[in-house]
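Chemist: Please find one structure pasted underneath; my questions will follow.
The values are calculated or read from the model by the stated rules, or taken from the named source; none is laboratory data. Please read all numbers here as calculations on a predicted model, not as lab measurements. Here the Cβ positions follow ideal geometry from the backbone for every residue, glycine too, while neighbour counts run over all protein chains shown.
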Amino acid sequence: MYIRIGKATTVLGVAKSTLRRWEKEKKLNTDYRTREGHRKYSMSKLLQNIRQLPVTNKKNTSTVDKRPQVVTYARVSGSKQREDLKRQQEHLKMYVKGQNWHLANQYQDIGSGLNDNRQRLIRLIKELPVIKSAMIACSYQDRLTRF
């Protein structure tokens, strides 16, 4: 699967200018370019080489975080349970921190577990290949989906 530079920046957690600079420095190659000159990257190659890339933060002091990437998902059935939703999110956040994992993103929905058309659940599923996430954490098995 080939992805554009915007998705590659999400996978690697860097800016577009950083990817362009790495290409000039021969640290990362584009797999091909379209006729219009747009860069395309192979998702599998990016994921294989992610640990070898010199990713730094704004202060240029830290390298790639090698902790497992985790996304959390919390859900309640109705709007009257908003407080429970907040507690679920906080519990999941503390659990991830206690396991020394990196919290990549948090998702939450209000809706029935029988309804598979929940916006945040669909977004989570679509973004999983882009986020280099290894795990999904949720409070209970039926929070993700009932069946």
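Yes/no per residue for (1) within 18 Å of the chain's Cα centre (by Cα); (2) part of a loop (DSSP other than H, G, I, E, B); (3) not assigned by TED's automatic domain parsing to the domain that holds S139:
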{"position": "Y73", "(1), (2), (3)": "yes, no, no"}
{"position": "K80", "(1), (2), (3)": "no, no, no"}
{"position": "K86", "(1), (2), (3)": "no, no, no"}
{"position": "Q89", "(1), (2), (3)": "yes, no, no"}
{"position": "L92", "(1), (2), (3)": "yes, no, no"}
{"position": "K97", "(1), (2), (3)": "yes, no, no"}
{"position": "N100", "(1), (2), (3)": "yes, yes, no"}
{"position": "Y107", "(1), (2), (3)": "yes, no, no"}
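Chemist: Continuing with the same structure: Scan the stretch 28-43 and tell me whether some residue there is within 23 Å of K126 (Cα to Cα) and assigned to a helix (DSSP H, G or I).
Modeler: Within the stretch 28-43, one or more residues are within 23 Å of K126 (Cα to Cα) and assigned to a helix (DSSP H, G or I).
Chemist: Count, please, the residues in the stretch 1-27 that happen to be without any contact (Cβ under 8 Å) to a residue 12 or more places away in the chain and in a loop (DSSP other than H, G, I, E, B).
Modeler: Of the residues in that region, 3 qualify.
Chemist: Cβ contacts < 9 Å: first residue among the charged types (D, E, K, R) and at pLDDT below 85, restricted to the stretch 101-122; second residue part of a strand (DSSP E or B) and crowded, with 16+ Cβ neighbours inside 10 Å, any location; separation 6+ or different chain. Result?
Modeler: Pairs found: R118/R75; R118/D109; R118/I110; R120/Y73; R120/R75; R120/Y107; R120/Q108; R120/D109.
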